[in-house]
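K.L.:
First the structure, which I've put down as structure tokens, then a few questions once you've had a look.
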Amino acid sequence: MKINEIRDLLEADVLCCSEYIDKEVYSACGSDMMSDVLAYVKDQAVLLTGLVNSQVIRTAEMMDMICIVFVRSKAPTEEMLALAKESGIVILATGMRMYEACGKLYANGLRGNGGKS
């Protein structure tokens with residue numbers, strides 16, 4: 001699935017790095033606990049979260065993620081957007097709750113575990 005399809009499915013706004021929205025992604029995860037992302041997430045390209053702090057960007061960068069979706073109408077700070085731009089991480093924001101956003105992506109073919117069912 002391409003990031004622009006994620007944008008459309010989640011009715012999201014692109015806040016950073018729109019030049020990369022044609023990139024293909026094969027998996028996603030949803031979490032507000034960055035310690036869980038670091039401990040359990042492998043080969044995920046998209047992170048869905050409602051946590052708004054710079055650690056989200058740093059965690060995504062460490063895990064080689066290429067897209068973060070902020071759910072529940074959460075808005076990243078300008079500092080966070082600058083960090084994301086430095087790393088080339090696409091930032092999306094949606095009004096959907098995490099459960100609904102993850103469900104929509106899963107129902108449309110985006111999986112966890114590196115794309116394995």
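K.L.:
Give region 96-116 a look and list any residue that's more than 16 Å from MET1 (Cβ to Cβ) and of a type in the set (Phe, Trp, Tyr), or say none.
P.N.:
Correct list: TYR99 only.
K.L.:
Considering only residues of region 18-33 that are assigned to a strand (DSSP E or B) and not acidic (Asp, Glu), which is surrounded by the most Cβ atoms within 10 Å (Cβ to Cβ)?
P.N.:
Going through region 18-33, the residues assigned to a strand (DSSP E or B) turn out to be 24, 27-30.
Filter once more, so that each one left must be not acidic (Asp, Glu): 27-30.
Working: SER27: 20, ALA28: 24, CYS29: 21, GLY30: 21.
Among them, the one singled out is ALA28.
K.L.:
Please go through region 58-78 and pick out each residue that is of a type in the set (A, V, I, L, M) and more than 12 Å from ILE91 (Cβ to Cβ). I'd like the intermediate steps shown before the answer.
P.N.:
Of region 58-78, the ones of a type in the set (A, V, I, L, M) are 60, 62-63, 65-66, 68-69, 71, 75.
Scanning region 58-78 gives MET62, MET63, VAL71.
K.L.:
Answer yes or no as to whether VAL69 is modelled with pLDDT of 95 or more and either hydroxyl-bearing (Ser, Thr, Tyr) or in a loop (DSSP other than H, G, I, E, B) (or both).
P.N.:
Against the criterion (modelled with pLDDT of 95 or more and either hydroxyl-bearing (Ser, Thr, Tyr) or in a loop (DSSP other than H, G, I, E, B) (or both)), VAL69 does not qualify.
K.L.:
Search region 51-95 for residues being open to solvent by 20 Å² or more (accessible area, probe 1.4 Å) and within 18 Å of GLU5 (Cα to Cα), and hand back the single one that is farthest from the chain's Cα centre (by Cα).
P.N.:
Applying the filter and picking the extreme gives GLY95.
K.L.:
Among the residues of region 34-50, are any at pLDDT 95 or above, assigned to a helix (DSSP H, G or I) and loosely packed, with under 13 Cβ neighbours inside 10 Å?
P.N.:
no
K.L.:
Between a first residue in region 84-96 that is under 21 Å from LEU9 (Cβ atoms) and a second residue that is among the polar types (S, T, N, Q) and open to solvent by 20 Å² or more (accessible area, probe 1.4 Å), which pairs have beta carbons less than 9 Å apart while being 6 or more apart in sequence or on different chains?
P.N.:
Correct list of pairs: VAL90/SER18; ALA93/SER73; THR94/SER73; GLY95/SER73; MET96/SER73.
K.L.:
On to the next question. Which condition breaks for CYS102 when tested against (1) part of a loop (DSSP other than H, G, I, E, B); (2) open to solvent by 40 Å² or more (accessible area, probe 1.4 Å); (3) under 10 Å from LEU48 (Cβ atoms)?
P.N.:
Looking at each condition in turn, CYS102 falls short on (1).
The values are calculated or read from the model by the stated rules, or taken from the named source; none is laboratory data. No experiment lies behind these values; they were computed from the predicted model shown. Cβ: placed from backbone, ideal geometry, glycine included. Neighbour counts: every protein chain shown. Ligands, DNA and RNA are stripped out before the accessible areas are found, and what is left, the full protein with its side chains, is counted by its heavy atoms. Shrake-Rupley method; radii C 1.70, N 1.55, O 1.52, S 1.80 Å.
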